[in-house]
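To keep things clear, I will list the structure first and then write my remarks on it.
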Amino acid sequence: SYTTDTKSREENKKTLESLYSLSVDITKIRRLKEWVLLQDVAYVKEIAGILQEMGADETTVANIIERCPEAILHTPTEINSQRALWQLICQNEKQLIKLIEQFPESFFSTEHHQNQKANILFFQELGLKNNIITRFLTSAPNIFYNPVEKNKNVIETLQRNYLNLGGSEANMKIWMLKLLSQNPFILLNTSTAIQENLEFLQKNDFTDQEVLQLLSKLKGFIFQLNSTTMQKSMLFSKNVFKCSDQELKQLVLKCPALLYYSVPVLEERLEGLLKEGISIAQIRETPVVLELTTQIVQYRIKKLSALGYDIKSGNLESLNGTKKDFEAIYSKIQSKKERPIFNPVAPLHIEE
């Protein structure tokens, strides 16, 4: 509990001197989190010493403190505990210091130390590889702040539903680990929310097999939705594509984004496609094009048009996929266009 009242307080001279001696850019700290410089107690030299012990040079130490100034307010005991904790999943201290430099805020979040430790051990027991747990710690640190029982509860709910939907016991672990690797934020949801969303799909006549298919396709994002938004998105798609419930279901299976994106997002993307001269019939044929932002669609259409490819008269498959997929399609169309009409090495038949 640090005070952030900066009006009447002065910067701590001892802290400033210690930071200067480490070549830390103090103007950056003043701009970012000036309140850190006002605290009566700071552990600048001690924290720098721990980082240096791990192999950080002077530039790295300065960089870490500039990016996460509150690091100097933690006691050496707290930081050494955090160091021991992260060593459970890091190959060596070289990798650890590299991670701290990239994600200082995650490393210096020491408030939930016991929960972090219990969750790391739980994920290891579950079979998640250390590099995946490391990725979670740096990109989704919040999931480690939960009590481990809460995370266990969510995992058990997912496993139970997977089996209830017809998934096999043999594949369950692989499915579970893949889902978590793709989207660790599932763990921020409650078991109740997960249950409600699955029931919503079943009430809308998706078979157990189709629900399982959607879970895999959506990479678990379905658990971050709620039945109201899904209902609205489905109703919007049904009106736009003028289709029956059964046809709508097939469209959703082809393009889960129709379930995942809110109505304003779907509206904006449809509008962008229609402005480019693409018809509703074309979109209905290839609904996955709605997974792309309007900017990406415009950029891809522009590139294809420059090759003389008219998107309005063809299907939209050439617009789809990741950046890598699109580049491959683009190269294929480009090489077709540049290919000579005649074979330059074939003998010429000239009439005498």
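The values are calculated or read from the model by the stated rules, or taken from the named source; none is laboratory data. Being a predicted model, the structure only gives us computed values, none of them experimental. Here the Cβ positions follow ideal geometry from the backbone for every residue, glycine too, while neighbour counts run over all protein chains shown. Protein only, heavy atoms only, side chains kept; ligands, DNA and RNA dropped before computing areas. Shrake-Rupley method; radii C 1.70, N 1.55, O 1.52, S 1.80 Å.
Quick one: ASP40 ticks every box in (1) closer than 15 Å to LEU19 by Cα; (2) in a helix (DSSP H, G or I) bar one, so which box is it? If we test ASP40 against (1) closer than 15 Å to LEU19 by Cα; (2) in a helix (DSSP H, G or I), just (2) comes out false. Taking (1) modelled with pLDDT of 95 or more; (2) over 26 Å from LYS117 (Cα atoms) in turn, ASP40 satisfies each apart from (1). Counting residues in the stretch 136-155 that are touching a Cys at 6+ places or on another chain (Cβ under 8 Å), modelled with pLDDT under 95, more than 19 Å from THR192 (Cα to Cα) and β-branched (Val, Ile, Thr) gives zero. Taken over the stretch 158-168, the criterion of being touching a helix residue (DSSP H, G or I) at 6+ places or on another chain (Cβ under 7 Å) and within 23 Å of LYS129 (Cβ to Cβ) is satisfied by LEU158, GLN159, TYR162, GLY167.
Annotation note: of GLU70, GLU78, GLU105, GLU111, the sole residue that is closer than 28 Å to VAL44 by Cβ and either open to solvent by less than 70 Å² (accessible area, probe 1.4 Å) or of a type in the set (Phe, Trp, Tyr) (or both) is GLU70. The single condition among (1) open to solvent by less than 80 Å² (accessible area, probe 1.4 Å); (2) part of a helix (DSSP H, G or I) that LEU235 does not satisfy is (1).
Based on what the data block shows, is GLN334 open to solvent by 50 Å² or more (accessible area, probe 1.4 Å), modelled with pLDDT of 90 or more, in a helix (DSSP H, G or I) and not β-branched (Val, Ile, Thr)? When the stated conditions are applied, GLN334 does not pass them. Every residue in the stretch 124-143 that is on the phi < 0 side of the Ramachandran plot and in contact with a Lys or Arg (Cβ under 9 Å, 6 or more places away or on another chain), please. Listed by number, the list holds a single entry, LEU126. The number of residues in the stretch 43-80 that are in a helix (DSSP H, G or I), of a type in the set (Val, Ile, Thr) and more than 21 Å from THR27 (Cβ to Cβ) comes to 3.
Scan the stretch 279-311 for residues that are among the charged types (D, E, K, R) and within 22 Å of LEU258 (Cα to Cα) and the total you get is 4.
Of everything listed in (1) of a type in the set (Gly, Ala, Ser); (2) touching a helix residue (DSSP H, G or I) at 6+ places or on another chain (Cβ under 6 Å); (3) surrounded by 15 or more Cβ atoms within 10 Å (Cβ to Cβ); (4) over 25 Å from ASN115 (Cα atoms), the single unmet condition for GLY55 is (3).
Taken over the stretch 92-110, the criterion of being in a loop (DSSP other than H, G, I, E, B) and under 24 Å from the mean Cα position of the chain (by Cα) is satisfied by PHE103, PHE108, SER109, THR110. If you go through the stretch 266-295 and pick out every residue that is loosely packed, with under 15 Cβ neighbours inside 10 Å, within 24 Å of the chain's Cα centre (by Cα) and β-branched (Val, Ile, Thr), you end up with 1. Of all the residues in the stretch 247-286, those that are free of Cβ contacts under 8 Å to residues at least 40 places away in the same chain, of a type outside the set (A, V, I, L, M) and part of a helix (DSSP H, G or I) number 12. Applying the criterion of at least 3 residues that are more than 22 Å from GLU105 (Cβ to Cβ) to the helices (runs of 4 or more DSSP H) found wholly in the stretch 123-228 leaves 148-164, 169-182, 191-203, 208-217. Within the stretch 207-222, the set of residues being of a type in the set (Asp, Glu) and crowded, with 17+ Cβ neighbours inside 10 Å comprises just one member, GLU210.
Only residues that are charged (D, E, K, R) and either open to solvent by less than 50 Å² (accessible area, probe 1.4 Å) or under 20 Å from GLU58 (Cα atoms) (or both) were counted in the stretch 20-32, giving 2. Note on the stretch 239-261: residues that are within 29 Å of the chain's Cα centre (by Cα) and either modelled with pLDDT under 90 or surrounded by 15 or more Cβ atoms within 10 Å (Cβ to Cβ) (or both) total 13.
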